[in-house]
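Readers should treat all values here as calculations from the given coordinates under stated rules, not as data from a laboratory. Owing to the predicted nature of the structure, the values given are computational and were not obtained by experimental measurement. FYI the Cβ positions are ideal-geometry reconstructions off the backbone, even for glycines, and counts take in every protein chain you see.
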Amino acid sequence: MLLDEVNRCMYCGFCESVCPTINLGPHRGYGPRGRVNLIKEVLENNIITGELLSSIYSCLLCDACYLICPAKIDIGRAVREVRSFINYKQDIKEKIIIRER
């Protein structure tokens, strides 16, 4: 399950040293550790913000983070799955909350 995967994160930050997109945005949400937190927010609270979408869709899916992650969290797969989850919810017009922070 996706939530189980991201809950294994120890927030060590090793992944941030190899992420090519960490400096794209104004916060750490543009790196793997931040994306893990944002994925949890989507799955637990069903809330999607514009900033969350920017972070999730800025991931290059290069898997550099996976190679260095001591917990072997497949963040690229997690990002692909949450993108599918977001698209599915929008396709069936299920109520999701999109808000600005």
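Could you pull out the longest piece of the chain with no exposed loop GluC sites (Glu not before Pro) in it, calling a site exposed if DSSP puts it outside H, G, I, E, B and it has at most 16 other Cβ atoms within 10 Å? Mind dumping the intermediate values first?
Details: sites that count: Glu94, Glu100.
That would be 1-93.
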Practice problem: Extending each Cα 7 Å along its Cβ direction at Asn87 and Ser17, get the distance between those two points in nm, one decimal. | Solution: 3.4 nm
Self-check item: Taking the chain and dividing mean pair separation by its residue count, relative contact order in percent (alpha carbons under 8 Å, at least six apart)
Solution: 32 percent
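Please give the FRET efficiency for Asn7 paired with Arg28, using the beta carbon to beta carbon distance and R0 = 25 Å, rounded to the nearest 0.05.
So, using R0 = 25 Å, E works out to roughly 0.85.
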Quiz item: How large is Rg/Rh for the chain, to two decimals, with Cα atoms and a Kirkwood Rh?
Solution: 0.95
